[in-house]
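Working notes, structure below.
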């Protein structure tokens, strides 16, 4: 298939471009920083999602069978002090993509959403795709709004769309700061890290390789409407438990575990249920947290 990919120079986008090309698809990869994606085996277009006219022109020129919209500000830490930028990229950028698809007659979308759309809940029971959504902080609110844009276009024009609600992604090539990388760095240096116990913060990560598998399945499978699907790694751990995994591999790591506090992160909504992902996409995570962290440590 001919695939138009946004966010190709990002952490996931680099892995995804290589996979889609290897699967035999004709990939047109785009990114704001196109030069960083140029070595991934696909044609690259420099594209700012905030430039609606440019997005419309680019999709019209490609006339793709599928658009994979991975381009976004991918976490609250990346524009914490600039909520306007968060909404410009994540909401207005998504609007530009689906409007471009409408004008070009592009029929199918795989949209990167986030489990940050779900409302916080205290019971920590599994959360399926019918769980209540809605957030007050800018990142979660921007992902909720982007989903609503996709759903509105799907309802009005028959767009076939997967909305992948993905938990925190880790793996080789991630450069933005996150818990696992910080623990590994401290373990190599013999440093100390303060973590919260299970009452303070729960986390759920997914390996980038598993995310790429899920996207490849969504590319190959019509949604039959506008369908939200949870994608995660199947582990729901406290910060302290994740720290212990790293310390078994890097014994010089020192952990200070406290009650309360910590970054609730994507664990505050409860573990994501994967029944729909398994049924509709055949998705089952292959890389458990211990194995994924061990690979990162071994890679240096």
Helix 289-299 versus the longest principal axis of the chain: what angle, 0 to 90°, nearest 10, using Cα atoms? 90
Taking the chain as a Gaussian network, Cα atoms linked when under 10 Å apart, which of 158, 13, 24 shows the biggest mean-square fluctuation? 24
What's the extension gain from residue 199 to residue 130 if we count 0.36 nm per residue and subtract their Cα-Cα distance? 22.3 nm
Ranked list, fewest to most other Cβ atoms within 10 Å of each Cβ, for 178, 118: 178, 118
Taking 7 Å along the Cα-to-C-beta vector as the label spot, tell me the residue 155-residue 185 distance in nanometres, rounded to one decimal. 4.4
Relative contact order computed over the chain (Cα-Cα under 8 Å; 6+ residues apart), in percent: 18
Measuring from the longest principal axis of the C-alpha atoms of the chain, the long axis of helix 138-157 (C-alpha) lies at a number of degrees, nearest 10, equal to 30
Fewest to most Cβ atoms within 10 Å: 297, 98 sort as 297, 98
So which residue, out of 161, 273, 189, gets the largest mean-square fluctuation from a GNM of the chain using Cα contacts under 10 Å as springs? 189
Mean-square fluctuation maximum in Gaussian network of the chain, Cα pairs under 10 Å, restricted to 193, 28, 66, hits 193
Given the DSSP H assignment, sum -39500 (n - 2.57) over each helix run of at least 4 residues in the chain and divide by its residue total; what's the result at 222 nm in deg cm²/dmol, nearest 500? -11500 deg cm²/dmol
Once R0 is set to 22 Å, what does the formula 1/(1 + (r/R0)^6) return for the Cβ-Cβ distance between residue 48 and residue 102, expressed as a FRET efficiency to the nearest 0.05? 0.65
Taking the chain as the reference, fit the longest principal axis to its C-alpha atoms, fit the long axis of helix 52-62 to the helix C-alpha atoms, and give the angle between the two in degrees, 0 to 90, nearest 10. 70
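Bear in mind that the values in this text are calculations on the coordinates, not laboratory data. Worth saying up front: this structure is predicted, and the values here are computed from it rather than measured. Because the Cβ atoms are built from the backbone with ideal geometry, glycine has one as well, and the counts that use them run over all protein chains shown.
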